[in-house]
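Note sheet for the following structure.
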Amino acid sequence: QVQLVESGGGLVQPGGSLRLSCAASGNIFGINIMGWYRQRPGKQRELVATITTGGRTNYADSVKGRFTISRDNAKNTVYLQMNSLKPEDTAVYYCNANMTYLSTSGWRNSDSWGQGTQVTVSS
């Protein structure tokens with residue numbers, strides 16, 4: 001099976017920065033799109049940013065110019081650099097990846113989610 005493990009969340013003051021990381025592990029053949037989503041208090045989970053294997057990126061309007069998504073294909077890791085953080089960025093951030101991997105029932109392709117990491121922006 002496969003696993004996504006996030007790290008880097010925490011408490012930061014408005015205007016500050018954080019960098020999230022998400023590493024995929026397991027019997028992985030390949031990873032397609034990787035992305036970050038977030039769930040703010042009382043809201044549904046929403047897209048933050050995605051990145052393809054080739055490095056093409058897509059951002060939610062609310063984070064354009066402040067957040068940067070990147071990936072290291074050799075390490076099966078995706079990052080989210082968050083600058084100029086605002087209180088409204090407070091949320092649980094989830095990593096997502098579409099992966100082809102070897103399961104107990106053979107090769108599979110599916111989306112996987114990390115466990116989430118809390119980001120709190122507050123003075």
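Filter the stretch 63-83 down to the residues that are of a type outside the set (A, V, I, L, M, F, W, C) and exposed (fewer than 14 other Cβ atoms within 10 Å of the Cβ) and list them by number. Once the filter is applied, which keeps residues that are of a type outside the set (A, V, I, L, M, F, W, C) and exposed (fewer than 14 other Cβ atoms within 10 Å of the Cβ), the stretch 63-83 yields Lys64, Gly65, Asp72, Asn73, Lys75. Residue count for the stretch 42-62, restricted to those that are within 12 Å of the chain's Cα centre (by Cα), among the aliphatic types (A, V, I, L, M) and open to solvent by less than 50 Å² (accessible area, probe 1.4 Å): 3.
Just name the residue that is most open to solvent (accessible area, probe 1.4 Å) out of those in the stretch 84-123 that are hydrophobic (A, V, I, L, M, F, W, C) and closer than 26 Å to Gly30 by Cα. For the stretch 84-123, the residue satisfying everything is Trp107.
The values are calculated or read from the model by the stated rules, or taken from the named source; none is laboratory data. Because the structure is a prediction, the values reported are computed rather than measured. With ideal geometry, Cβ positions are generated from the backbone for all residues, glycine too; neighbour counts draw on all protein chains shown. Just so you know, the surface numbers come from the protein's heavy atoms only, side chains and all, with ligands and any DNA or RNA stripped out. Shrake-Rupley method; radii C 1.70, N 1.55, O 1.52, S 1.80 Å.
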